[in-house]
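So the structure is just underneath, and the comments pick up after that.
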Amino acid sequence: MVDLAATFEENAMEASAMVWRCERTPLSLRKAVGLAAHKARGIVLSEPEFLGDSLIAGLRGLAGFIPRPDDDQLATADAGVTEAFAGVASTGSVCVALGRPLVSATSLLMPLNIVLLARERIVARPRDLFDPECLKGEGLKRNLVFITGPSATADMGPLVHGVHGPHRLLVLLLE
Amino acid sequence: MNVTEIEPKSAAVGVRADTPRDVANKSDKDRLLRAIRMSLDIESTTVRANTQLFNRGRYRAVAELPDYDALKDQARRIKEKSIASLPELIPILKSSVRAHGGHVFVANTAEDACRYILDVCHWRAAKMVVKGKSITSEEIRLNHILEKEGIEVVESDLAEFILQLADEQPSHFLAPALHYSRERITALFKRKFKTELPLDTGEELTRFARERLRDKFLYADVGITGANLIAADTGTLMLVESEGNIRLASYLPPVHIAIAGVEKIIPTRQEMAPFLDLLSASAVGQKMSVYTSFLSPPLTDPPFALPGKPMKPREFHLVLIDNGRMQMREDPVFKEALNCIRCGACLNSCANFQTVGGHAFGGETYSGGIGGSWEAGTSKLENARFSEMCTGCTRCVNQCPVRIDIPWLNENLARQLNQKELPATLRSVLGSVTGAATEDRSAPIAKIFFGNYHYFAKWGTRFSSIANLISGDSKKRHKDGEGEVKETISPARLLMERWLGLDHRRGLPPFPKQTLVQAARQLTAPSSKGRDTKVVVFADVFTNYGMARRGIATIEVLRALGADVVVSESVPEGRAALSQGMIATAKLHARRAAMELDSHVSDGRDIVVVEPSSLSMFRREFSHLLDSKERFERFRSRAFEPVEYVVRMLAKSGRMAQQVFDISKSKVGYRLFFHAHCQQKTIGCEEPTLALFRELGFDVVTSNVECCGMAGSFGYKKDFYDLSMAVGADLFGQVVQQDRNGGTRQIVASGTSCTEQMHAGFDRSVLHPMEILASLLEVQESAAKLGELEEEDRELESDVASLKRGRKEVSKS
């Protein structure tokens, strides 16, 4: 049987994302995010939908956390924490469902994007999310973005990471 | 490289160099030729490096897709179905978008689209628009219209940002600034922004551009994007990108306008699934692009409102553009182009595009092989003149994720352009004498010549001594008044260049004293008794009149393997005519070849075709040229490449290759450089040669170029000789590189024109694989005939050389 998490990890790293495996406890999660964003002057958290508030709640106590950011703070914050709707093993992509407050902003505006991905939400291929049977068919109904590595360009000669979107993408794979 | 090195060569002699804009519209030939010169001078190195990088990535990425072919079939079915049902899908899409609170406008023309977008901007008092990459917005010249009305247009895709600064049109529809090296971007930024900041790395340039663009996103009133696909059932846009600028343009400003051609609509969101894997792999050689969004706008998040920027409600407009597409849809040939998903795989796999890019091989908006149909469909036929640069090599065919037959589109464009020529008596007479179809007699003389090459080859062979004298020596040397030796083009070659467009620098292969058909008649055929495998070797025009030895070697090898072999009459099968857009003539030729082979096939004979471009006709192009699918299938299923057939015969008989061929007899050593013909690769006939030679113990390396650059008549033409040689340089470099690594290798090429191109690069023998195999046979029944032909070739070359010497003496005296 294919280990989807291992395949995901391999392909995500190939796409220049970082993947950290993390226990699914508030403390472990807080430690991991704190470590990843330890230099951040501002951390913004999108509203969770799939993981449960009790797991996420600890992040609100991190130094630099901005509780209710205005647009000015969103434009200048350093790190955004986003929850993934799904992960895709074959491509190493995280799939983020848009629409809940701050999801677009945290996954796009800050130089560091930390994405929380629950292991059981990893599917084999991108097209699986277009199957009405997969994840209750939500993939066919929601506004989604597949994110595969940090934003990049080859228009300036060599490949450069960090263009209009995040320079770094860290996936916390929640075991 | 410094800035001065990238100045065009012509600048050095005080001539104003062409800019890409000067030569964007190629409705006249002169601009096409200037564009080729400009691109070869300035852009070629960078274009080649970048396209080849994409191309290698694509080969790697699609190889990792386990069901690549099934995905292509699925995508093709979805696109075909969508195009067929467009009139029904448009109202469904309108309802879906309106159900979310969005607006839809269907624009019949580019002007209608621009007017609507301008109206939206005026209603919302927009002062600044930020744009994501959209080739369709280039097609409708949107920037120009908005800027004329005082609205600032900010291109946010970094490639488009570069082009906006440089005032150039895109050279590639996926990577619009693909022709820009890092050094040229540095020079451009320093010049335009008058900055002393260090901009010597990709990171510095990216940071510099990002800092200038971030505020534009935050304060823009309107964001404009394109769309890769649109689902009618949900109004979902599929948006693929790497930088994040499309996400920003659709998320930050209060108004989002998406512009898309109507052909982007597919029935359902679920049917977007196969394109997820296909698009990124085909386009950028990645498993998935950085961002692939599925949005049914307007978004629910509140738009961004920084201090000083008024909060406005979110709004979405979808502008669907016809601008000629519905007319293309009605055309039985050009509706094919509407299947295009703009991945650019056809551009990156094209040897000519790799060498000059889209500023030469492209028009004002669209570029590459697929671009001609789009320029013609959305503007006018003459703007598609650059499609002449499609040589029909077919390397794009298998790379297209939706299986578009791009060469066929370009052959049809050439046909239409031929018919635009004014009628002239000489062309009409020449067309009539050579047997060209009536509709093709208005084509330029050069095209009638190349398209009916069999006619001239037949007469050239009959009078080979005179013909070789005329065509052999292109330069005439004489002393001027001061005793200096001067070279002038020989009058015959000058006339050929003027009338037939044959470049005087290109060596012409001599006409043989004996054709393949004549030489084969002199062979003693073994008794057919007990020989169950029956073969007819098709005497294609190129082998019959130019490379008879290859045909004789083929006969000898097949007989040695136990086949009962006969040779057909030499008739054209339509390749030459098709390559000139003389489709009616190609149909005549194809039917003639089919009739010639009919009785052989009925006798149970398989067809072996030595020249790969001729074989490709049987395997591919006859589907367009013969009367029915059944007729096409009758010949497709029986036509084989010689080595492919040898491998089949060996497998059938259960014999090992070593039992028939003895490598120790090789007269050319054991190191081979094999260059397979482009069309041979497309129809999957490269592998048998490689496998057989390796099985026999040869050390074989192959070229990885898509095409040698000769491409039939293309490299002979004075308009394209320089380009042909520039393309060939890649192949020559690979030969030299391989030679350096352990010593000279015997060059082996399957195609006639590839052989001629190799001769242009190297003063060395070039053999066909069957010639090598024939020399390895345990029993060489026809060795005497081959020796005789070799001797004739030597005599011929010697005759031509002595004639040249004689003429020099005459000119001296």
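The values are calculated or read from the model by the stated rules, or taken from the named source; none is laboratory data. Predicted model only: the values in this text are computed from it and were never measured. Cβ placement follows ideal geometry from the backbone for every residue including glycine, while neighbour counts extend to all protein chains displayed.
Within the range B:222-252, being at pLDDT below 95 and in contact with a strand residue (DSSP E or B) (Cβ under 7 Å, 6 or more places away or on another chain) holds for one residue alone: B:Leu252. Scanning the range A:86-125 for residues that are closer than 13 Å to A:Ala5 by Cβ and among the charged types (D, E, K, R) gives A:Arg119, A:Glu120, A:Arg121. For beta carbons closer than 9 Å, sequence separation of 6+ or different chains, a first residue in the range B:536-550 that is at positive phi and a second that is modelled with pLDDT of 95 or more and part of a loop (DSSP other than H, G, I, E, B), there are no qualifying pairs. Counting only strands (runs of 3 or more DSSP E) wholly contained in the range B:193-245, the ones carrying 1 or more residues that are away from chain A (no Cβ under 12 Å) and touching a residue at least 24 places away in the same chain (Cβ under 8 Å) occupy B:222-225, B:229-231. Residues that are among the aliphatic types (A, V, I, L, M) and assigned to a helix (DSSP H, G or I) within the range B:495-521 comprise B:Leu495, B:Met496, B:Leu500, B:Leu516, B:Val517, B:Ala519, B:Ala520, listed in sequence order.
Only one of the listed residues (B:Gly358, B:Gly371) is closer than 28 Å to B:Glu439 by Cβ, modelled with pLDDT of 95 or more and in contact with a strand residue (DSSP E or B) (Cβ under 6 Å, 6 or more places away or on another chain). That residue is B:Gly371. All of (1) modelled with pLDDT under 95; (2) assigned to a helix (DSSP H, G or I) hold for B:Lys26 with one exception: (2). Scanning the range B:169-192 for residues that are of a type outside the set (S, T, N, Q), farther than 19 Å from A:His161 by Cβ and either without any contact (Cβ under 8 Å) to a residue 24 or more places away in the chain or facing chain A (nearest Cβ under 9 Å) (or both) returns B:Pro176, B:Leu178, B:Tyr180, B:Glu183, B:Lys190, B:Arg191. Checked against the criteria, B:Met389 does not count as of a type in the set (A, V, I, L, M), surrounded by fewer than 22 Cβ atoms within 10 Å (Cβ to Cβ) and away from chain A (no Cβ under 14 Å).
The set of residues in the range A:115-150 that are at positive phi and facing chain B (nearest Cβ under 8 Å) contains only A:Gly149.
Residues in the range A:163-175 that are under 30 Å from B:Leu188 (Cα atoms) and more than 7 Å from chain B (Cβ to nearest Cβ): A:Pro166, A:His167, A:Arg168. Of all the listed residues (B:Ala249, B:Ala281, B:Ala273), the sole one being assigned to a helix (DSSP H, G or I), under 26 Å from the mean Cα position of the chain (by Cα) and within 11 Å of chain A (Cβ to nearest Cβ) is B:Ala281. Considering only residues in the range B:352-411 that are assigned to a loop (DSSP other than H, G, I, E, B) and of a type in the set (A, V, I, L, M, F, W, C), the one that is farthest from B:Pro444 (Cα to Cα) turns out to be B:Val402. Only one entry in B:Thr394, B:Thr378, B:Thr355 is touching a Lys or Arg at 6+ places or on another chain (Cβ under 9 Å), in contact (Cβ under 8 Å) with a residue 60 or more places away in the chain, on the phi > 0 side of the Ramachandran plot and of a type in the set (Val, Ile, Thr), namely B:Thr394.
So that you can scan it fast, the table gives a plain yes or no per residue for (1) in contact with a strand residue (DSSP E or B) (Cβ under 9 Å, 6 or more places away or on another chain); (2) at pLDDT 95 or above; (3) crowded, with 22+ Cβ neighbours inside 10 Å:
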{"residue": "B:Ile257", "(1), (2), (3)": "yes, yes, yes"}
{"residue": "B:Glu263", "(1), (2), (3)": "no, yes, yes"}
{"residue": "B:Phe275", "(1), (2), (3)": "yes, yes, yes"}
{"residue": "B:Ala281", "(1), (2), (3)": "no, yes, yes"}
{"residue": "B:Leu299", "(1), (2), (3)": "yes, no, no"}
{"residue": "B:Phe304", "(1), (2), (3)": "no, no, yes"}
{"residue": "B:Lys312", "(1), (2), (3)": "yes, no, no"}
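Selection over the range B:412-437 of residues that are assigned to a loop (DSSP other than H, G, I, E, B), more than 21 Å from B:Ser27 (Cβ to Cβ) and out of contact with any helix residue (DSSP H, G or I) (no Cβ under 6 Å at 6 or more places or on another chain) gives a count of 1. Within the range A:147-158, can one find any residue that is within 30 Å of B:Glu183 (Cβ to Cβ) and acidic (Asp, Glu)? Yes; the residues of the range A:147-158 include at least one that is within 30 Å of B:Glu183 (Cβ to Cβ) and acidic (Asp, Glu).
Of all residues in the range A:71-105, those satisfying the criterion of being away from chain B (no Cβ under 11 Å) and either without any contact (Cβ under 8 Å) to a residue 40 or more places away in the chain or polar (S, T, N, Q) (or both) are A:Ala77, A:Thr82, A:Glu83. Scanning the range A:5-33 for residues that are assigned to a helix (DSSP H, G or I), more than 14 Å from chain B (Cβ to nearest Cβ), of a type outside the set (Ser, Thr, Tyr) and surrounded by fewer than 18 Cβ atoms within 10 Å (Cβ to Cβ) turns up A:Ala6, A:Pro26, A:Leu27, A:Lys31.
Quick check on the range A:151-161: of everything there that is within 7 Å of chain B (Cβ to nearest Cβ) and either in a loop (DSSP other than H, G, I, E, B) or out of contact with any helix residue (DSSP H, G or I) (no Cβ under 6 Å at 6 or more places or on another chain) (or both), which residue is surrounded by the fewest Cβ atoms within 10 Å (Cβ to Cβ)? Going through the qualifying residues, I end up with A:Pro158.
Can you tell me which residue in the range B:298-315 is nearest to A:Val94 (Cα to Cα), limited to those that are facing chain A (nearest Cβ under 8 Å) and in contact (Cβ under 8 Å) with a residue 60 or more places away in the chain? Looking at the filtered set, the residue picked out is B:Phe304. Which residues, counting only those in the range A:72-103, are within 25 Å of A:His38 (Cα to Cα) and aliphatic (A, V, I, L, M)? Hits for the range A:72-103 are A:Leu74, A:Ala75, A:Ala77, A:Ala79, A:Val81, A:Ala84, A:Val94, A:Val96, A:Leu102, A:Val103. Can you work out which of the residues in the range B:140-150 that are in contact with a strand residue (DSSP E or B) (Cβ under 6 Å, 6 or more places away or on another chain) and surrounded by fewer than 22 Cβ atoms within 10 Å (Cβ to Cβ) is nearest to B:Asn245 (Cα to Cα)? Per the stated criteria, the residue is B:Asn143.
When A:Glu49 is tested against (1) within 14 Å of another protein chain (Cβ to nearest Cβ); (2) modelled with pLDDT of 95 or more, only condition (2) is not met. Tell me, yes or no, whether the range B:485-493 has at least one residue that is modelled with pLDDT under 95 and surrounded by 20 or more Cβ atoms within 10 Å (Cβ to Cβ). Yes - at least one qualifying residue is present in the range B:485-493. For A:Pro126, the test of being buried (at least 23 other Cβ atoms within 10 Å of the Cβ) and not hydroxyl-bearing (Ser, Thr, Tyr) is passed.
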